[in-house]
Amino acid sequence: MLNKIQKNNKAQISEIMTWIIATIAILIILIIFISASSFLAQKTKTVQAQNLEIDFEKEISLLDTKTLIAYSFASESQRNIIEKWEQENE
Amino acid sequence: MNNKGGSKIIAMYWFVILMIVAGGIFVMVSSFYNHPYDIREIEGEIMINNIANCLSYEGKLNSELFDEEGFSQEFSENFLENCHLNFEVEESLNEEVQYYFEIDFYKSENLEISTFNIFKGNLNLVAGYEIQEEKEYEREVKGVEDSFFSLDEKGEELYLIKILTIIKKTEKNVK
């Protein structure tokens, strides 16, 4: 019996070794996610009107509305000026 | 062999892993949400809208803009009061004014040369706006430009009005 125990050279990895490898894997994943979230946060979070979901059929720029109203009261030559300027600045 | 003690050690280690993961999640969330949103562009657009509403109504310029000699200097000097604009900011920001706006009026005969000009606020912000295209200074200030047409009170003269607003408030919008 004792000879059998002495000749048994099979190595057994303990449960602790499994946890050590799991810890390393968890730490690596955490570092990746923390780095990614820091990188995303560094990009300035700019809020622009164009990014908002606005129904443009109902929402029109206030200044464009003022130009439209002026256009409706304007003479023929003044309308041509407005049209020309709008075309050049589109 | 007696391995009963091994399971007790692993149970403690399980809580350590949980704390590490929870700490990691906390760091991720706080680093992301600690960065503020930059709303200066929207703020600039709102300022432009308020200025435009003060200058023009129903397609015609405000009658108080003009006096007997043309554009009224008095209206220009008291523009903030006349248009109910307030440049005061919270005390945490520097004492310097954080806003600037400039209004140029162009007659329809010549849309290249400004006939009249109104500007209020911190002139130093203009330099920051001019170098905004360089990546190093793009967050320093935010400027918004827009323009519209309007007739004078009698409807005889057509004017192009260009409005430029510049806002600093870097500490509140950028980290």
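The values are calculated or read from the model by the stated rules, or taken from the named source; none is laboratory data. No experiment lies behind these values; they were computed from the predicted model shown. FYI the Cβ positions are ideal-geometry reconstructions off the backbone, even for glycines, and counts take in every protein chain you see. Side chains included, ligands, DNA and RNA excluded: accessible areas come from the protein's heavy atoms. Shrake-Rupley method; radii C 1.70, N 1.55, O 1.52, S 1.80 Å.
So is B:Glu41 within 12 Å of chain A (Cβ to nearest Cβ), at positive phi and modelled with pLDDT of 85 or more or not? Judged against the criteria, B:Glu41 is not a match. In the set (1) in contact (Cβ under 8 Å) with a residue 60 or more places away in the chain; (2) closer than 29 Å to B:Ser63 by Cβ; (3) surrounded by 15 or more Cβ atoms within 10 Å (Cβ to Cβ); (4) among the charged types (D, E, K, R), the condition left unmet by B:Lys120 is number (1).
From the list B:Glu64, B:Glu45, the lone residue that is surrounded by 16 or more Cβ atoms within 10 Å (Cβ to Cβ) and more than 30 Å from A:Phe33 (Cβ to Cβ) is B:Glu45. Within region A:20-40, residues that are open to solvent by less than 70 Å² (accessible area, probe 1.4 Å) sit with their Cβ atoms under 6 Å from residues that are of a type in the set (S, T, N, Q), at 6+ positions apart or across chains, in these pairs: A:Ser37/B:Ser31; A:Ser38/B:Ser31.
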